[in-house]
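**Student:** Encoded as structure tokens, here's the structure I'll be asking about.
The values are calculated or read from the model by the stated rules, or taken from the named source; none is laboratory data. Only a predicted model underlies this, so the values are computations on that prediction, with no experimental measurement involved. Positions of Cβ are backbone-derived with ideal geometry, glycine not excepted, and every protein chain shown enters the neighbour counts. Side chains included, ligands, DNA and RNA excluded: accessible areas come from the protein's heavy atoms. Shrake-Rupley method; radii C 1.70, N 1.55, O 1.52, S 1.80 Å.
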Amino acid sequence: METILEMRSITKEFPGVVALNQVNLSVRAGEIHAIVGENGAGKSTLMKVLSGVYPHHSYSGEIAFAGQPQKFRDIGDSERLGIIIIHQELALVPQLSIAENIFLGNEPSRHGIIDWHQVYARTRQLLQQVGLKESPSTLVGDLGVGKQQLVEIAKALSKNVRLLILDEPTASLNETDSDALLELLLELQREGITSILISHKLNEIAKVADRITVIRDGMAIETMDCADAPIPENRVIQRMVGREMSDRYPPRQPAIGDIVFEVRNWHANHPQHPERQVLKDINLQVRRGEIVGIAGLMGAGRTELAMSIFGRAYGKRIRGDVYLHGAAVDVSTISKAIGHGIAYVTEDRKGLGLVLHDDIARNISLPNLARVARGGVIDRTRETGVARDYREKLRIRCAGVTQPVVNLSGGNQQKVVLSKWLFSQPEVLILDEPTRGVDVGAKYEIYSIISQLAAEGKCVLMISSEMPELLGMCDRIYVMNEGSMVAEFAAAEASQEKIMSAIVRAGSEK
Amino acid sequence: MNDHIATLPPTPAGKKYSGFLRRNFREYAMFLSLLVIMAFFQVQTEGTLLMPLNLTNLVLQNSYIVIMALAMLLVIVAGHIDLSVGSVAGFIGALAAVLMVQHGVPVLLATVLCLLAGAVIGAAQGYFVAYHRIPSFIVTLAGMLVFKGLALTLLDGQSLGPFPEIFQKLSSGFIPEVIDSDSLHPGSLLLGCLAAGALLLLAMKQRAAHLRHGMEEEPTQFFWAKQLLISAIIVFFSYKLAAYKGLPNVLIIMSLLIALYQFITNRTTIGRRIYALGGNEKATRLSGINTRRLTFYTFVNMGVLAALAGLVFAARLNTATPKAGLGFELDVIAACFIGGASASGGVGKVMGAVIGAFIMGVMNNGMSILGIGIDYQQVIKGLVLLAAVWVDVYYKNK
């Protein structure tokens, strides 16, 4: 079979990180090629290289499309050749109609005046092709996610797509919509369109894919042919996670006590779409001195769970109870949650964790100004003293505690956020992706801080998308998928394969 | 031990100064621009600008802008804007006139009622901004129209006055003197000297405390040059004012308010929280701070100070007119932005806003003396605003 796309030894580096390392990928004309891998394995980066989001000179390696070497400078270059990428977060304008969205930036026009007849006629034709029974003038914002996905595909078709890239297209779809979408992919395949499908759902991949490429740690591990005989899921999972664990984690002697923190029957709905349930009947417990992990894919609802517990910072129609030392506590506002000794260290340091142009000392004291003030007047000497203590304890590398946090590295910013919450002397510490965007050296330091906290008797609930990190640090691991707890493992019996298959199985059962 | 020196290799003195200057460029630049602008008009008006009579006028004309700029700074730092302050000030002036002139309500009671009315107006606007998340631009644009209209209704389209004499003293009175003399008012001069001395002592004390705890401070020469210059200016101006009728009452009110707001923004938890709110609202909320209530109170505060400014203005004119307060919001907002406040919130200083207000005031006054028409005055003020912010943005990006 003819090869339509050939990517050779693609290497892409970000400051301090090799995101892609000598990746080769070859896609045959007319096939559906699945790409699987863990969060952060490099799948999206590879697709961004392919579509020109990262322009030609920013990576090394070669791309050949339809036999010709290509040097894309931007998305426009790749789109002209018919390489269209549909991102997980859809790029549609909700206030515009289906027709307007499909032809946005590409309107059939004469002297700048849009030919609406043609727009609507072609939209109707495209909608028929993707099987979407909606009027072209319907606003995209009024459509569900599944139908929006179809509009995106119609938009791709309008650009004479030859290679369609779908990034997690079914992640937010229900089963019927997912099936319809997969059916459509097969239909497009019959029309000669090649697709690359990025997905975590191995059962869906098994339904449609001709070949599977596994990416792990920025490297293409293996390409498997599954057109004739299906490949066992276990084998794929093993290839996805198969990596050796070394002592990247500080040694711990867990001293685990009684149950301190407990969440029972926790439900929450989406803040913008209150009819959509995001968290379904969650139960969890954390004991004194225990580090408990929550594993799951992006969008599993882990951050939503943490934030909804932390003073209802997320979600609507929240139901359920939080117990501390066996007594129900009121955590309905953030200050009450803090008052009960709960702290939440956000995954989004810059957006939710820090006031970036403020200095280190001011960021650390923010949730506890009362503790460095008397009668509402801040004692700056004390404030600086507190900041200095944490600077020393957590080894925050900075010129001084009056340095704005915006100039610090990711790891040091994370330490400032940790300091901020340690200063509120919490009993329960919820850490959301505590090492995201942190370099390897600083990771170890952050792990040490976390172990230290557990040793001091605090309850640590740690959300992470890096499974090795959870396995390396936690005493117990919960697995979440699509808003529910789907599994729980003690550290001794947990493995990446078990966690991944719990997720995959939960996703398939639906 | 100084933090800065502890971790960085020691820097040569010259480099240290330039580094400090670069980081604090804005504050010095503002202050120097005001001095330069004053010197310019002093020369151009052949000395009229700093004549005792004119200086007194300058203070009186600017007082209500400065008063509103203090509260506006907090609103802007919190990430909002208030377009209604001019109309609110005008409306409160009208309310004061109706109460005192038409109904003979005692001055003190009427004043308290007016300030309360300002608080209620601020609360109403703050309620929609904070609890219903309607952009402050829209809420206060509506308020601007509403209170302009209500002022007209209250006054029936007419001017109303004169006010009781004691109320007039708010703006046109001067502090009482022990020894009365026509040529020089020694009490005023003495008060000015005392204020200068107190400020100097306070600054020295603070500097000593900061140095003791190793916080970054300006180099010694800088500190003394700046503090002595400030003291000299205060003494010089009180001397000038003492040569006319002494220190105006409203200057005392204004100075106390400046000191209060300087303290609130720099030293109190509530001030700190407003800066954090404007800097990153979500992070502030996740730090357990009730950001809605804080926004609400920021607007209440704005309402009260707009009311006070309205009273000061009415007392100065000695009548309430339907046109009072027209366009004040522009000068007030411009003062804050010239003073270095950021339109996206989280950044801005009280002293910056005060200096900004005086830059606007000196330009208004100086250009009027020079006989420049109101048309060109607006053009020039507009360009100065743009230039000030442009320089700011330019240096920030550099």
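**Student:** Is it the case that A:Leu297 is in contact with a His (Cβ under 7 Å, 6 or more places away or on another chain), at pLDDT 90 or above and more than 14 Å from every other protein chain (Cβ to nearest Cβ)?
**Tutor:** no
**Student:** Pick from A:Glu38, A:Glu89, A:Glu62: which is part of a loop (DSSP other than H, G, I, E, B) and open to solvent by 60 Å² or more (accessible area, probe 1.4 Å)?
**Tutor:** A:Glu89
**Student:** Is it the case that B:Ala198 is in a helix (DSSP H, G or I), free of Cβ contacts under 8 Å to residues at least 24 places away in the same chain and either open to solvent by less than 60 Å² (accessible area, probe 1.4 Å) or on the phi > 0 side of the Ramachandran plot (or both)?
**Tutor:** For B:Ala198, the condition - in a helix (DSSP H, G or I), free of Cβ contacts under 8 Å to residues at least 24 places away in the same chain and either open to solvent by less than 60 Å² (accessible area, probe 1.4 Å) or on the phi > 0 side of the Ramachandran plot (or both) - is met.
**Student:** Name the residues in the range B:48-63 that are out of contact with any Ser or Thr (no Cβ under 9 Å at 6 or more places or on another chain) and open to solvent by less than 20 Å² (accessible area, probe 1.4 Å), would you?
**Tutor:** B:Leu49, B:Leu55, B:Thr56, B:Leu58, B:Val59, B:Asn62
**Student:** In the set A:Thr223, A:Thr213, which member is modelled with pLDDT of 90 or more and under 24 Å from A:Ala295 (Cα atoms)?
**Tutor:** Residue meeting the stated conditions: A:Thr213.
**Student:** Small (Gly, Ala, Ser) and either open to solvent by 10 Å² or more (accessible area, probe 1.4 Å) or free of Cβ contacts under 8 Å to residues at least 60 places away in the same chain (or both): does that describe A:Ala206?
**Tutor:** When the stated conditions are applied, A:Ala206 passes them.
**Student:** Suppose the filter is open to solvent by 60 Å² or more (accessible area, probe 1.4 Å) and more than 14 Å from A:Leu150 (Cβ to Cβ); does A:Glu107 pass it?
**Tutor:** When the stated conditions are applied, A:Glu107 passes them.
**Student:** Does A:Asp228 fit the bill of being farther than 24 Å from A:Met298 by Cβ, more than 21 Å from the chain's Cα centre (by Cα) and assigned by TED's automatic domain parsing to the domain that holds A:Thr11?
**Tutor:** yes
**Student:** Here's something else I'd like to know. From the set of residues in the range A:41-59 that are open to solvent by 40 Å² or more (accessible area, probe 1.4 Å) and not in a helix (DSSP H, G or I), which is modelled with the highest pLDDT?
**Tutor:** A:Tyr54
**Student:** I would also like to ask the following. Which numbered condition trips up A:Thr381, out of (1) open to solvent by less than 30 Å² (accessible area, probe 1.4 Å); (2) over 23 Å from B:Lys396 (Cα atoms); (3) free of Cβ contacts under 8 Å to residues at least 60 places away in the same chain?
**Tutor:** Of the numbered conditions (1) open to solvent by less than 30 Å² (accessible area, probe 1.4 Å); (2) over 23 Å from B:Lys396 (Cα atoms); (3) free of Cβ contacts under 8 Å to residues at least 60 places away in the same chain, the odd one out for A:Thr381 is (1).
**Student:** So, one more: Considering only residues that are open to solvent by 40 Å² or more (accessible area, probe 1.4 Å) and more than 9 Å from chain B (Cβ to nearest Cβ), look in the range A:349-374 and name the one that is farthest from the chain's Cα centre (by Cα).
**Tutor:** Among those that are open to solvent by 40 Å² or more (accessible area, probe 1.4 Å) and more than 9 Å from chain B (Cβ to nearest Cβ), it is A:Arg374.
**Student:** Go through the residues of the range A:397-417 one by one and say whether even a single one is farther than 24 Å from B:Lys396 by Cα, of a type outside the set (D, E, K, R), buried (at least 16 other Cβ atoms within 10 Å of the Cβ) and touching a Phe, Trp or Tyr at 6+ places or on another chain (Cβ under 7 Å).
**Tutor:** Taking every residue of the range A:397-417 in turn, none turns out to be farther than 24 Å from B:Lys396 by Cα, of a type outside the set (D, E, K, R), buried (at least 16 other Cβ atoms within 10 Å of the Cβ) and touching a Phe, Trp or Tyr at 6+ places or on another chain (Cβ under 7 Å).
**Student:** Would you pick out the residues in the range A:393-425 that are part of a loop (DSSP other than H, G, I, E, B) and not hydroxyl-bearing (Ser, Thr, Tyr)?
**Tutor:** A:Leu394, A:Arg395, A:Ile396, A:Arg397, A:Cys398, A:Ala399, A:Gly400, A:Val401, A:Gln403, A:Leu408, A:Phe423, A:Gln425
**Student:** Could you please find all residues in the range A:426-470 being in a loop (DSSP other than H, G, I, E, B) and surrounded by 21 or more Cβ atoms within 10 Å (Cβ to Cβ)?
**Tutor:** Within the range A:426-470, A:Pro426, A:Glu433, A:Pro434, A:Thr435, A:Val438, A:Lys458, A:Ser464 qualify.
**Student:** Looking for whichever is in a helix (DSSP H, G or I) and touching a Phe, Trp or Tyr at 6+ places or on another chain (Cβ under 6 Å) here; the options are B:Leu49, B:Leu53, B:Leu58, B:Leu32. Which one fits?
**Tutor:** On inspection, the qualifying residue turns out to be B:Leu53.
**Student:** Among residues belonging to the range B:243-287 that are in a helix (DSSP H, G or I) and charged (D, E, K, R), point out the one that is farthest from the other protein chains (Cβ to nearest Cβ).
**Tutor:** Restricting to residues being in a helix (DSSP H, G or I) and charged (D, E, K, R), the top hit is B:Glu281.
**Student:** Which of the residues spanning the range A:274-306 are over 16 Å from the mean Cα position of the chain (by Cα), in contact (Cβ under 8 Å) with a residue 40 or more places away in the chain and open to solvent by 20 Å² or more (accessible area, probe 1.4 Å)?
**Tutor:** Scanning the range A:274-306 gives A:Pro274, A:Gln277, A:Lys280, A:Asp281, A:Asn283, A:Arg287, A:Arg288.
**Student:** What is the number of the single condition among (1) more than 30 Å from B:Leu160 (Cβ to Cβ); (2) at pLDDT 90 or above; (3) surrounded by fewer than 24 Cβ atoms within 10 Å (Cβ to Cβ) that B:Leu73 does not meet?
**Tutor:** (3)
**Student:** So, in the range B:288-307, of the ones that are at the interface with another protein chain (Cβ under 9 Å from one of its Cβ atoms) and open to solvent by less than 60 Å² (accessible area, probe 1.4 Å), which residue ends up nearest to B:Ala94 (Cα to Cα)?
**Tutor:** So, considering only residues that are at the interface with another protein chain (Cβ under 9 Å from one of its Cβ atoms) and open to solvent by less than 60 Å² (accessible area, probe 1.4 Å), the one nearest to B:Ala94 (Cα to Cα) is B:Ile289.
**Student:** Are there any pairs, at least 6 apart or on different chains, whose C-beta atoms fall under 8 Å, with the first in the range A:1-12 and closer than 7 Å to A:Ser60 by Cα and the second open to solvent by 20 Å² or more (accessible area, probe 1.4 Å) and aliphatic (A, V, I, L, M), and if so, which?
**Tutor:** A:Thr11/A:Val18; A:Lys12/A:Val18
**Student:** Sticking with this structure for a sec: Report yes if some residue within the range A:109-122 is small (Gly, Ala, Ser), at positive phi and not in a helix (DSSP H, G or I); otherwise report no.
**Tutor:** Checked against the condition, which is being small (Gly, Ala, Ser), at positive phi and not in a helix (DSSP H, G or I), the range A:109-122 yields at least one hit.
**Student:** Just to check your reading of the model, which residue among B:Leu115, B:Leu83, B:Leu108 is out of contact with any Phe, Trp or Tyr (no Cβ under 9 Å at 6 or more places or on another chain) and under 22 Å from B:Leu73 (Cβ atoms)?
**Tutor:** B:Leu115
Every residue, every condition in (1) farther than 30 Å from A:Arg382 by Cα; (2) within 14 Å of chain A (Cβ to nearest Cβ); (3) of a type in the set (S, T, N, Q); (4) surrounded by fewer than 16 Cβ atoms within 10 Å (Cβ to Cβ), yes or no:
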residue: B:Ala209; (1), (2), (3), (4): no, yes, no, yes
residue: B:Pro219; (1), (2), (3), (4): no, no, no, yes
residue: B:Ile234; (1), (2), (3), (4): yes, no, no, no
residue: B:Phe237; (1), (2), (3), (4): yes, no, no, no
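**Student:** For the range A:148-163, which positions are closer than 16 Å to A:Leu182 by Cβ and touching a helix residue (DSSP H, G or I) at 6+ places or on another chain (Cβ under 8 Å)?
**Tutor:** Selection gives A:Gln149, A:Leu150, A:Ile153.
**Student:** With respect to B:Gly157, determine if the residue is modelled with pLDDT under 95 and not hydrophobic (A, V, I, L, M, F, W, C).
**Tutor:** yes
**Student:** Being surrounded by fewer than 21 Cβ atoms within 10 Å (Cβ to Cβ) and closer than 19 Å to A:Ile282 by Cα is true for just one of A:Phe489, A:Phe423. Which residue is that?
**Tutor:** On inspection, the qualifying residue turns out to be A:Phe489.
**Student:** Any idea which of (1) in contact (Cβ under 8 Å) with a residue 24 or more places away in the chain; (2) crowded, with 16+ Cβ neighbours inside 10 Å; (3) β-branched (Val, Ile, Thr) is the one A:Val119 doesn't satisfy?
**Tutor:** Tallying (1) in contact (Cβ under 8 Å) with a residue 24 or more places away in the chain; (2) crowded, with 16+ Cβ neighbours inside 10 Å; (3) β-branched (Val, Ile, Thr), A:Val119 fails exactly one: (1).
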